[in-house]
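Report on the following structure.
The values are calculated or read from the model by the stated rules, or taken from the named source; none is laboratory data. Computed from a prediction, not measured in an experiment: that's the story for all the values here. Every residue, glycine among them, receives a Cβ derived from its backbone with ideal geometry; neighbour counts consider all protein chains shown. We work out accessible area using only protein heavy atoms, side chains counted, and drop any ligands, DNA or RNA first. Shrake-Rupley method; radii C 1.70, N 1.55, O 1.52, S 1.80 Å.
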Amino acid sequence: MALLFKSDVDRAEVWQDAIATLLPELEFRNWPEVGDPAEIEYALVWHPPRGELAKLPNLKAIFSLGAGIDHLASDPDLPKDVPVVRMVDQSLTLGMTEFVVMSVLRHHRRIHDYELQQRQKTWEQHVTPLAWQRKVGILGLGVLGSDAADKLNYLGFDVAGWSRSEKNVPGVTSFSGEEGLRPFLERSEILVCLLPLTENTKGILNAETLALLPRGAYLVNAGRGQHMVPGDVLAALNSGQLAAATLDVFPEEPLPQDSPFWDHPKVLVTPHGASITSPITAAEALAESIKCLREGQPLQNVVDFDRGY
Ligand code: NDP
Ligand code: OXD
């Protein structure tokens, strides 16, 4: 009985140790050392090469190393009868909430402007609104979005979220569905994207939607790069429709050296590191799911490929 591991970052040993503590009977195989494919029952992966998972005849479940599963959905050969479990883990949620709160506060308090001013040795104060005067909008009020919304609400911000179905996060205004998008955007002075990438959400940060934001709004994108139409985001920054942006994800990663985002004075680039799954806590979530499978209990956080997330 074995688990196939495939990650883009070199942390296999840490994962192996964390998994061995909880599931000592499970042999850990670090891709490309697959061994006998028939022995692999579970795959824990990030960007597995296309078609690789289809070669495992006894696969019982595919676990995504990240919350997003677009890296799996894009594989036309993904085995259709094997459940895909997305990563839901306290450290991932906590990490994202830290990133969102940090980014919202940085824009709210105009720290991005002070950073530019410091380089120019300019001593100029900016009076910023109080938290309750600042409207923050979170696209995607799921596991990550609702926790970030809750913490921003605790800090006093006027928070709203947009999701497919209506939500009830205390203190957070819920907008839902296509008809909810326009009024949601029209009030969002700081817009945070925490959507999954699907056919419906691809390109959602475009000229038309960005134009609905109050002038001088801020954008924080920690969802996926393909949520943005990059040229439209740049145009909005250059016209002043967007005052500044924090971008963690890009259509092409690593961000190409010649991307205009690197040098843009209004943009903070982070390398898809808004939140990184911690093996310590995520191994527990994995072990719990494997226990459910073995005991015939229903699996949690299974991807619904019809809705795309
Ligand atoms: P969830 O599935 O828990 O939440 C997704 C949210 O998006 C839900 O509220 C869902 O609505 C909403 N949504 C999906 N499609 C639509 C739509 N068409 N219209 C309106 N709302 C929609 O995902 P997570 O919160 O766990 O993760 C969100 C994303 O964050 C990931 O998919 C990934 O892309 C990104 N991510 C980025 C990381 C980084 O480091 N940059 C780290 C981790 C995740 P409903 O609730 O009604 O279903
Ligand atoms: C992601 C993740 O989905 O890192 O981006 O979890």
task: Mind listing whichever residues of segment 258-293 are without any contact (Cβ under 8 Å) to a residue 60 or more places away in the chain and away from ligand 2 (no atom under 14 Å from the Cβ)?
output: ASP258, SER259, PRO260, PHE261, TRP262, ASP263, HIS264, VAL267, VAL269, GLU288, LYS291, CYS292
- prompt: For ALA245, are the conditions met, namely being closer than 19 Å to LEU191 by Cβ, among the hydrophobic types (A, V, I, L, M, F, W, C), in contact with a Phe, Trp or Tyr (Cβ under 8 Å, 6 or more places away or on another chain) and part of a loop (DSSP other than H, G, I, E, B)?
  reply: no
message: Just the residues that are farther than 19 Å from TYR218 by Cβ, open to solvent by 30 Å² or more (accessible area, probe 1.4 Å) and among the hydrophobic types (A, V, I, L, M, F, W, C), please, taken from segment 263-284.
response: ILE276, ILE280
query: Which ranges mark the helices (runs of 4 or more DSSP H) fully within segment 6-110 that have 2 or more residues being away from ligand 2 (no atom under 16 Å from the Cβ) and among the aliphatic types (A, V, I, L, M)?
result: 12-22, 90-108
- prompt: Do we have LEU255 as without any contact (Cβ under 8 Å) to a residue 40 or more places away in the chain and within 16 Å of ligand 1 (Cβ to nearest atom) here?
  reply: yes
message: For segment 17-65, which positions are open to solvent by less than 50 Å² (accessible area, probe 1.4 Å), within 16 Å of ligand 1 (Cβ to nearest atom) and out of contact with any Phe, Trp or Tyr (no Cβ under 6 Å at 6 or more places or on another chain)?
response: VAL45, TRP46, ILE62, PHE63, SER64
- prompt: Of everything in segment 66-103 that's of a type in the set (Val, Ile, Thr) and either within 14 Å of ligand 1 (Cβ to nearest atom) or touching a residue at least 60 places away in the same chain (Cβ under 8 Å) (or both), which residue is surrounded by the most Cβ atoms within 10 Å (Cβ to Cβ)?
  reply: VAL100
query: Looking at SER146, SER165, which one is assigned by TED's automatic domain parsing to the domain that holds HIS227, in a helix (DSSP H, G or I) and either at pLDDT below 95 or among the hydroxyl-bearing types (Ser, Thr, Tyr) (or both)?
result: SER146
query: Quick check, is ARG182 surrounded by fewer than 19 Cβ atoms within 10 Å (Cβ to Cβ) and in a loop (DSSP other than H, G, I, E, B)?
result: no
field: Test set (1) in contact (Cβ under 8 Å) with a residue 40 or more places away in the chain; (2) part of a loop (DSSP other than H, G, I, E, B); (3) surrounded by fewer than 19 Cβ atoms within 10 Å (Cβ to Cβ) - PRO196 fails condition number
entry: (3)
